[in-house]
Amino acid sequence: MSERRRDITSGLPEMKPGEVWLVGAGPGDPGLLTLHAVNALETADAIVHDALVSDACLGLARPDALIEFAGKRGGKPSPKQRDISLRLIELAREGRRVLRLKGGDPFVFGRGGEEALTLVEHGVPFRIVPGVTAGIGGLAYAGIPATHRDINHTVTFLTGHDASGLVPDRIDWAGVARGSQVIVMYMAMKHIALITERLIAAGRSADEPVAFVTNATMPDQAVLETTLGRAVADLAAAGLEPPAIVVVGEVVRFRAALDWLGATSGRVLTPDPLGLRGGRKDTA
């Protein structure tokens, strides 16, 4: 370890035996890990990780660390949430330094709140380490800004399925359609036909841009640009599979200018794809 590296990590909080750290690993690219996350990976005696944590991130763990998979994937056999939480308690009571490593951010559709409440219930000390959520980081790697001052002043993050695996009935789809210029959806690919139907019925244009970002930030990231009206057919033709982030809104058009990853492979970017900057001077 370099002296510079020691200086960076020396002032970070120490993971103590019997503690559980709920840590966000980001969308997958290990470069998006926070220093707290890296420190936890290098310190933890036991790591319990979900299905969206990349091998590259887990590769930073101590060689002798106990690593357990506790991934929950729709339509596949998965451990029960209660069992995962109780396993964290069991490991902590064995005196281990426990890292619960979750893709994205533990408090953004990551069940981190549920696990933390169980730790409180059982008197287990814990720490929360936020991570880069896929709805921000994944879109950035696709060249799509979640906000742009000329396009939107609101953005809504929602999940495409509830605990039962169905489209959430408690979402006011008409209200979301009317009130949010940009909609970012997690775990929505399975039910995209019903979701697009509800948004169009609530007044969104069938021609409104939509993008699917699969395996966001990873080497095999893929992006499909389409519209609300063509989303179902184009997705089926593309053959893309989850995990994916889905974004609805005019910000998708900025990808023609901001696909920085595509530019590294030769894509020619188009300045001002929406024709917004003509003669305007930028101000702070």
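General observations
- Members of region 241-253 that are buried (at least 24 other Cβ atoms within 10 Å of the Cβ) and more than 12 Å from Val213 (Cβ to Cβ): Val248, Gly249, Val251
- Taken over region 126-150, residues that are at pLDDT 95 or above, more than 18 Å from Lys102 (Cα to Cα) and of a type outside the set (Ser, Thr, Tyr) amount to 8.
- Among the residues of region 9-16, some residue qualifies, meaning at least one is modelled with pLDDT under 95, surrounded by fewer than 18 Cβ atoms within 10 Å (Cβ to Cβ), outside the structural domain of Met218 (by TED's automatic domain parsing) and not in a loop (DSSP other than H, G, I, E, B).
- Some residue of region 92-104 being at positive phi, among the small types (Gly, Ala, Ser) and in contact with a strand residue (DSSP E or B) (Cβ under 7 Å, 6 or more places away or on another chain): yes
- For Lys190, the criteria (1) over 19 Å from Arg255 (Cβ atoms); (2) in contact (Cβ under 8 Å) with a residue 40 or more places away in the chain; (3) in a loop (DSSP other than H, G, I, E, B); (4) outside the structural domain of Arg93 (by TED's automatic domain parsing) hold in every case but one, which is (3).
- Subset of region 7-36 (residues that are within 9 Å of Leu99 (Cβ to Cβ) and of a type outside the set (Val, Ile, Thr)): Met15, Trp21, Leu22
- Any chance Ala70 is under 29 Å from Gln221 (Cα atoms) and in contact with a Pro (Cβ under 9 Å, 6 or more places away or on another chain): yes
- Taken over region 137-166, residues that are closer than 27 Å to Ala263 by Cα and touching a residue at least 24 places away in the same chain (Cβ under 8 Å) amount to 15.
- Residue count for region 17-45, restricted to those that are in contact (Cβ under 8 Å) with a residue 12 or more places away in the chain, surrounded by fewer than 22 Cβ atoms within 10 Å (Cβ to Cβ) and of a type outside the set (S, T, N, Q): 11.
- Looking across region 149-183, just one residue is over 19 Å from Glu208 (Cβ atoms), among the hydrophobic types (A, V, I, L, M, F, W, C) and within 18 Å of the chain's Cα centre (by Cα), and that is Ala163.
- Among the residues of region 110-136, the ones that are more than 11 Å from the chain's Cα centre (by Cα), outside any helix (DSSP H, G or I) and crowded, with 21+ Cβ neighbours inside 10 Å come to 1 in all.
- For region 209-222, the criterion of a residue being farther than 30 Å from Pro106 by Cα, assigned by TED's automatic domain parsing to the domain that holds Leu166 and of a type outside the set (Gly, Ala, Ser) is satisfied by no position.
- A Cβ distance below 8 Å, combined with a sequence gap of six or more or placement on separate chains, defines the contacts here; from region 167-179, residues that are outside the structural domain of Ile195 (by TED's automatic domain parsing) and closer than 22 Å to Ile151 by Cβ reach no residue that is of a type outside the set (Asp, Glu) and exposed (fewer than 14 other Cβ atoms within 10 Å of the Cβ).
- Taking residues in region 92-113 that are at pLDDT below 95, and partners anywhere that are assigned to a loop (DSSP other than H, G, I, E, B), not one pair has Cβ atoms closer than 6 Å while being at least 6 places apart or on different chains.
- Looking only at residues of region 137-175 that are among the aliphatic types (A, V, I, L, M) and touching a strand residue (DSSP E or B) at 6+ places or on another chain (Cβ under 7 Å), we find that the one that is surrounded by the fewest Cβ atoms within 10 Å (Cβ to Cβ) is Ile171.
The values are calculated or read from the model by the stated rules, or taken from the named source; none is laboratory data. Every value quoted in this text rests on a predicted model; they were computed, and no experiment measured them. Neighbour counts are summed over all protein chains in view; Cβ atoms, including those assigned to glycine, are modelled from backbone coordinates with ideal geometry.
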